[in-house]
Amino acid sequence: MKAAAFAYARATSVVNALDLLAAHGEKAKVLAGGQSLMPAMNLRLVSPDILVDICGLAELRGVAVRGDWLVIGALTRHAELQQSGDVARHARLLWEAVAHVAHPAIRNRGTIGGSLAQADPASELPACMVALGATIVIRGPGGERRIAAIEFFKGIYETALLPQELLVAVEVPIAIAGSTHFFQELARRHGDYAIIGLAAHAVVEDCRFADLRLCFFAAGDRPVLVRSARKLVDRIVTSAAVTETVAALLEELDPLEDQQASPALRRHLANVLLRRCVATLLSRPELDTG
Ligand code: FAD
């Protein structure tokens, strides 16, 4: 199938992109890498009247360290994240996770902003942003606003973005002393969307968790930050404590049914991933800050 007819405008600046979005409202769609939008248009799942192409906006591309934050422009491609020394040094979880996003051809075009704005609950990067406590930076007609990643994802393909707004950057806290991470996804083949996955950020002190943020993906209608993880913080982690946390996790999770797996299978795999994660984090010799 081919997309329905649409108009096309290549934005010359962020201000110009915002003007175009304001002029066309819900009938416009932002085009970044096109790796999700173009297939959806070809399948006629979406049929915008006009595409606002932001690909040429260099101001939205690149990774920079600013104080305690790693600031990543929305148009930074997945492949650029993989190649970035700053991402490898300061946000190891993200660096490891991005290798699991699709295939090289898609990573060469797809952008972090596109992935977050798309808000596919099976995507790796939204879960990493929630686990890392990142902030999403949005620009719209009223100026700039910042929103915590946990508040940004609202449901399947739904976010806090308004039609006339652009996601311009994401701010990721730089790993502090004692930081470590875990990332694992269970997929039928490397590059496929996960059946379920877990992105975790922890701060370990004296073999205890001073902080633990576990975020599952493909486990609900959005990234699922595990509330019961706090049962493992500031205490000696015994196998009884892990079993108690798994029981609480299974109460919390409400996995979806789809062609890949039943809710029961996803619950079982979540249990497996949580146990692996805790064991790995507490035994890991190397920490993210070196
Ligand atoms: P686009 O396709 O250009 O846009 C996606 C959506 O976000 C559109 O609605 C667009 O309007 C909006 N948007 C984009 N940028 C902005 C912005 N700055 N501000 C506001 N709105 C914006 N993804 C995964 O996470 N994991 C996978 O394993 C995976 N496998 C894939 C396999 C295949 C075969 C394909 C085709 C895709 C796969 N994807 C996967 C999807 C893809 O990697 C990402 O969704 C994609 O990279 C999104 O980025 P993009 O720049 O291409 O966004």
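The values are calculated or read from the model by the stated rules, or taken from the named source; none is laboratory data. Since this is a predicted model, take the numbers as computed values, not measurements. Every residue, glycine as well, gets a Cβ built from its backbone with ideal geometry; the counts of neighbours run over all protein chains shown.
At-a-glance table
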| quantity | calculated |
| --- | --- |
| Elements of type helices (runs of 4 or more DSSP H) in region 51-136, at least 3 residues being touching a residue at least 40 places away in the same chain (Cβ under 8 Å) | 92-98, 112-118, 124-132 |
| Selection from region 69-111 of residues that are among the acidic types (D, E) and over 13 Å from the mean Cα position of the chain (by Cα) | E80, D86 |
| Checking D192 against (1) under 23 Å from L253 (Cβ atoms); (2) over 12 Å from the mean Cα position of the chain (by Cα); (3) more than 8 Å from the ligand (Cβ to nearest atom), the condition it does not meet | (3) |
| Cβ-Cβ under 7 Å pairs, at least 6 apart or on other chains, region 186-198 side in contact (Cβ under 8 Å) with a residue 60 or more places away in the chain and outside any loop (DSSP other than H, G, I, E, B), far side near the ligand (Cβ under 8 Å from one of its atoms) and not hydrophobic (A, V, I, L, M, F, W, C) | G197/E124 |
| Flag if G56 is over 20 Å from the mean Cα position of the chain (by Cα) and within 15 Å of A17 (Cα to Cα) | yes |
| Any chance A91 is at negative phi and within 9 Å of the ligand (Cβ to nearest atom) | no |
| Criterion violated by A270 - all others in (1) modelled with pLDDT of 95 or more; (2) in contact with a Lys or Arg (Cβ under 7 Å, 6 or more places away or on another chain); (3) part of a helix (DSSP H, G or I) satisfied | (2) |
| The listed residue being outside the structural domain of A218 (by TED's automatic domain parsing), touching an Asp or Glu at 6+ places or on another chain (Cβ under 9 Å) and within 12 Å of the ligand (Cβ to nearest atom), out of A74, A119 | A119 |
| Hits in region 36-50 (condition: of a type in the set (A, V, I, L, M) and either within 10 Å of the ligand (Cβ to nearest atom) or outside any strand (DSSP E or B) (or both)) | L37, M38, A40, M41, L43, L45, V46 |
| Tally, over region 199-228, of residues that are touching a Cys at 6+ places or on another chain (Cβ under 7 Å) and assigned to a strand (DSSP E or B) | 5 |
| Residues satisfying the stated conditions in region 11-35, i.e. surrounded by fewer than 21 Cβ atoms within 10 Å (Cβ to Cβ) and assigned to a loop (DSSP other than H, G, I, E, B) | T12, S13, G34 |
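Yes or no, residue by residue, for (1) more than 9 Å from the ligand (Cβ to nearest atom); (2) crowded, with 20+ Cβ neighbours inside 10 Å:
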{"residue": "A160", "(1), (2)": "yes, no"}
{"residue": "P163", "(1), (2)": "yes, no"}
{"residue": "V168", "(1), (2)": "no, yes"}
{"residue": "A175", "(1), (2)": "yes, yes"}
{"residue": "F183", "(1), (2)": "yes, yes"}
{"residue": "L186", "(1), (2)": "yes, no"}
